[in-house]
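Structure record follows, encoded as structure tokens.
The values are calculated or read from the model by the stated rules, or taken from the named source; none is laboratory data. Remember, it's a predicted structure, so these values are computed and weren't measured experimentally. Methodologically, a virtual Cβ is constructed for each residue, glycine included, from the backbone with ideal geometry; neighbour enumeration extends over all protein chains shown. Heads up: the accessible areas ignore ligands, DNA and RNA and are worked out on the full protein's heavy atoms, side chains in. Shrake-Rupley method; radii C 1.70, N 1.55, O 1.52, S 1.80 Å.
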Amino acid sequence: MVATPEKVNVLLSIAGLLLIWAIWSFGLRPALIDTFRQRVFEIRDEMFDYAAAGNIDFNHPAYGTIRTLMNGYIRFAHRIDPALILISAVYFIFKRDEVRKAQRELKERIELQLSTLPEEQREKLSGYMERTQSELGKYILYGSPLFTFAVFTVGLPVLLVARLIGKVSIRERAGNLVRLLDPAAFSEAKRNHAAVA
């Protein structure tokens, strides 16, 4: 069997793709996961220090819920990949009302818990939660090259056009996406739903 230039090119292309996959799977992706987890650890530790200084009771429900969500982000970070994004998108299409209801219930629960705190504490805990969700959004964006490509080539132009005609808030849609892909929030909402039923 003679190695023709075409066969050599095919073999080199396959080898190149395998090398790119290996670098992504065993180098870049684990580094992204570790970086995301470290940033959430830092925010969680900052919140702990705030509570340890006597600013909020460790047993307050808002503190517990936000800490549980942060722990969920840390624990399930490795599961957020292109497959989960695709499955979540398909699930959302078929179960939109159920997902939105679970998201709304969790958001209302956190807001109700926060409303029992003085303004300074409420703002501080809300800030920790927003910073954590921002880190999750960045992790989702950077952690999936295919998703990032789809966002910038299809999603962003569609959102910009919708925003220009006043039909949608880009910040709200981005927040919905983060909550849709948030395993901790989704499992927490599912647990609450099961407890009520």
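Counting only protein chains, not ligands or nucleic acids, how are ILE110, ILE93 ordered by accessible area (probe 1.4 Å), most first? Please list the in-between numbers first.
Numbers: ILE110 25, ILE93 110 Å².
So, going from the largest accessible area down, we get ILE93, ILE110.
Give the relative contact order (percent, whole number) for region 23-146; include only Cα pairs under 8 Å separated by 6+ residues. Intermediate values should be presented prior to the final figure.
Numbers: 63 pairs, mean separation 55.8, N = 124.
So the answer I get is 45 percent.
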Exercise for the section: Sticking with the crude label model, points 7 Å out along Cα→Cβ, report the distance from LEU18 to ALA53 in nm, one decimal please. Expected result: 5.5 nm
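Summing Lys, Arg as +1 and Asp, Glu as -1, what charge do residues with Cβ under 13 Å from the Cβ of ALA53 carry, ALA53 excluded? Please list the in-between numbers first.
Details: positive: LYS124; negative: ASP45, GLU46, ASP49, ASP57, GLU120.
Residues close to ALA53 contribute a combined charge of -4.
Can you give the accessible area per residue of region 31-125, in Å², using a 1.4 Å probe?
Per residue, region 31-125 has 60 Å² of solvent-accessible surface.
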Handout entry: Relative packing of 13-21, 94-102, 65-73, which averages over residues the other C-beta atoms within 10 Å, highest first
Key = 65-73, 94-102, 13-21
